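The values are calculated or read from the model by the stated rules, or taken from the named source; none is laboratory data. Keep in mind that this is a model prediction, so the values were computed, not measured. Glycine also receives a Cβ, built like all others from the backbone with ideal geometry; neighbour counts cover every protein chain displayed. Only protein heavy atoms, including side chains, enter the accessible area calculation; ligands, DNA and RNA are left aside. Shrake-Rupley method; radii C 1.70, N 1.55, O 1.52, S 1.80 Å.
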Amino acid sequence: MTTPRSTQQAVTQLLGEWSSGDEGALGKLFPLVHPELHRLAHHYMSRERAGHTLQTTAVLNEAYLRLVDNTTPVWQGRTHFIAAAAQMMRHIMVDHARKHHSLKRGGGALKVTLDEAALVTETRSKELLDLDEALERLAAQDARKGQIVELRYFGGLTVEETAEFLKLSQRTVEREWTAAKAWLYRELSEEET
């Protein structure tokens with residue numbers, strides 16, 4: 001989904017005003033970015049199993065709180081803001097998976113009903129943790145490929161939006177995206193064996 005150019009410009013202007021200390025700009029900004037942030041959160045949650053204990057609105061709200069909690073935000077524009085939101089949502093999902101993974105190992109032992117326990121699948125949380133670890137290794141090896149994966153896979157940005165944000169050609173983003181997916185596939189396949 002692409003945002004109309006006038007809305008993109010308004011978001012960029014409001015982000016600049018907010019970065020300059022205008023708290024009122026934040027109130028005008030949220031209604032403009034809410035649909036796109038909701039789409040991002042939905043994008044994350046659509047990859048999860050039915051009955052996941054974390055909901056789209058919870059991911060969106062947590063990301064929003066973390067974004068506005070930034071005391072000195074410096075945004076380079078709408079795409080930078082959306083990329084930061086995507087990264088925060090990824091961290092929220094990974095933190096949630098880690099928490100549930102540790103709970104499966106007896107950490108913070110709480111009494112739960114069988115129905116509540118069934119909502120957490122160890123396999124899915126392990127897959128997300130494995131992907132996060134592989135992405136961290138990729139970023140250490142090739143930061144640009146790591147950024148492209150984060151923006152495309154986790155952020156749901158298009159090739160065009162990713163290229164704009166990273167100031168690369170679309171062809172370069174496509175090539176790096178293909179290489180990064182192959183690298184991650186090999187890494188994750190080796191972990192399974």
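What the table below lists for this structure:
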| read-out | value |
| --- | --- |
| So F30, is it touching a Leu at 6+ places or on another chain (Cβ under 7 Å), at pLDDT 80 or above and not charged (D, E, K, R) | no |
| Test for E176: is it closer than 25 Å to P35 by Cα and either at pLDDT 80 or above or open to solvent by 40 Å² or more (accessible area, probe 1.4 Å) (or both) | no |
| For E190: the one exception among (1) charged (D, E, K, R); (2) under 20 Å from A86 (Cβ atoms); (3) open to solvent by 90 Å² or more (accessible area, probe 1.4 Å) | (2) |
| Any hit, the stretch 123-133, residues being at pLDDT 85 or above and either farther than 23 Å from L37 by Cα or in a helix (DSSP H, G or I) (or both) | yes |
| Residues being closer than 14 Å to I82 by Cα and open to solvent by less than 20 Å² (accessible area, probe 1.4 Å) - total across the stretch 132-155 | 4 |
| Selection count where residues are open to solvent by less than 60 Å² (accessible area, probe 1.4 Å) and in a helix (DSSP H, G or I), scope the stretch 156-173 | 8 |
| In the stretch 20-31, the residues that are in a helix (DSSP H, G or I), over 23 Å from Q55 (Cβ atoms) and open to solvent by 40 Å² or more (accessible area, probe 1.4 Å) | E23, G24, G27, K28 |
| Cβ-Cβ under 9 Å pairs, at least 6 apart or on other chains, the stretch 47-73 side modelled with pLDDT of 70 or more, far side assigned to a helix (DSSP H, G or I) and hydroxyl-bearing (S, T, Y) | T56/Y44; T56/S46; V59/Y44; P73/S19 |
| The stretch 133-179, residues that are among the small types (G, A, S) and without any contact (Cβ under 8 Å) to a residue 40 or more places away in the chain | A139, A140, A143, G146, A163, S169, A179 |
